[in-house]
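J.: My questions will all concern the structure given below.
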Amino acid sequence: MDRQKSGSQLLMTRTTAVSGGLSLLFVCLYRQNHGDIWYTLAVTAVTVFYHLAMRLAVGWAVKSKAGPRLKPESFWFRQRVWEEKLYQRLHIKHWKKWSPTYIVDNFNFKKHSAEEILRNMCTAELDHELNTVLSFLPLVISLGVDRLRSELWIFAVTGIVAGCFDMYFA
């Protein structure tokens with residue numbers, strides 16, 4: 001039996017589908033009319049679609065391909081000396097419980113062992129770290145495309161905002 005999707009999952013998949021449809025629409029309108037407004041709308045919609053679809057793809061890839069092989073005790077996932085002090089200064093224990101979770105059941109002790117939850121935490125951390133890095137791919141690509149160079153600010157802003165969003169969850 002399929003598990004029920006969380007509100008976060010529904011919002012993400014539906015928003016991705018809508019932004020994908022708008023991307024197609026605005027790209028077609030731009031190709032037909034060549035107006036600046038259609039170009040701006042196409043670039044914006046495609047960029048939004050990229051950020052959403054990339055996150056779904058990375059989440060799937062990390063969970064299905066890397067997740068089962070992740071070792072929570074490995075160097076990558078070990079808590080650093082400075083992290084504990086940072087967490088205390090940010091008072092993470094006080095507000096983290098209100099953070100949205102994409103798949104709430106992944107962190108449910110009634111459904112998973114402590115080891116499984118730890119592995120799910122590592123999977124989520126790797127997912128968000130990869131998303132943060134890939135948030136800047138449109139900016140890097142735009143550096144090599146003449147027509148997109150004038151839009152660098154769009155790719156810089158969306159990369160920074162999306163990267164900060166993902167680091168909140170990492």
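The values are calculated or read from the model by the stated rules, or taken from the named source; none is laboratory data. Treat the numbers as computed from the prediction; the structure is a model and nothing was measured. Here Cβ is always computed from backbone atoms with ideal geometry, including for glycine, and neighbour counts include all displayed protein chains. These area figures cover heavy atoms from the full protein model, side chains too; ligands, DNA and RNA do not enter into them. Shrake-Rupley method; radii C 1.70, N 1.55, O 1.52, S 1.80 Å.
J.: Give the Rg (one decimal place) followed by the Dmax (whole number) of region 1-54, computed from C-alpha coordinates and expressed in Å.
T.: 14.0, 49
J.: For region 1-93, what value does the Rg/Rh ratio take when both radii are computed over Cα atoms and Rh is the Kirkwood radius, given to two decimals?
T.: Values: Rg = 19.9 Å, Rh = 16.9 Å.
Using Cα coordinates only, the ratio equals 1.18.
J.: Could you report the accessible area of residue 82 in Å², rounded to 10, computed with a 1.4 Å probe on the protein chains as they sit in the structure?
T.: 150
J.: Can you tell me which of 143-150, 40-47 comes out highest on packing, and rank the rest after it, using the mean Cβ neighbours within 10 Å?
T.: Values: 143-150: 10.1, 40-47: 18.9.
Ranking, from highest mean packing down: 40-47, 143-150.
J.: Looking at the chain from every direction and averaging, what is the projected area of its Cα convex hull in nm²? Intermediate results must be reported in sequence, preceding the final value.
T.: Details: hull surface 50.8 nm².
It is 12.7 nm².
J.: Something else: What's the FRET efficiency of residue 31 with residue 6 using the Cβ-Cβ distance as r and R₀ = 41 Å, to the nearest 0.05?
T.: Numbers: r = 37 Å, r/R0 = 0.91.
Once the sixth-power term is evaluated, E becomes 0.65.
J.: List the pair-distance distribution P(r) of region 61-158, using every Cα-Cα distance, as the percent of pairs falling in each 10 Å bin from 0 up to the bin containing the longest distance, rounded to whole percents.
T.: Spelled out per bin, shortest first, that is 13, 30, 31, 19, 7, 0.
J.: Let me ask something additional. Determine by what factor the alpha-carbon radius of gyration of region 23-74 differs from 2.2 N^0.38 Å, reporting the quotient.
T.: Details: Rg = 17.7 Å, N = 52, 2.2 N^0.38 = 9.9 Å.
With N residues counted in region 23-74, Rg over 2.2 N^0.38 Å equals 1.79.
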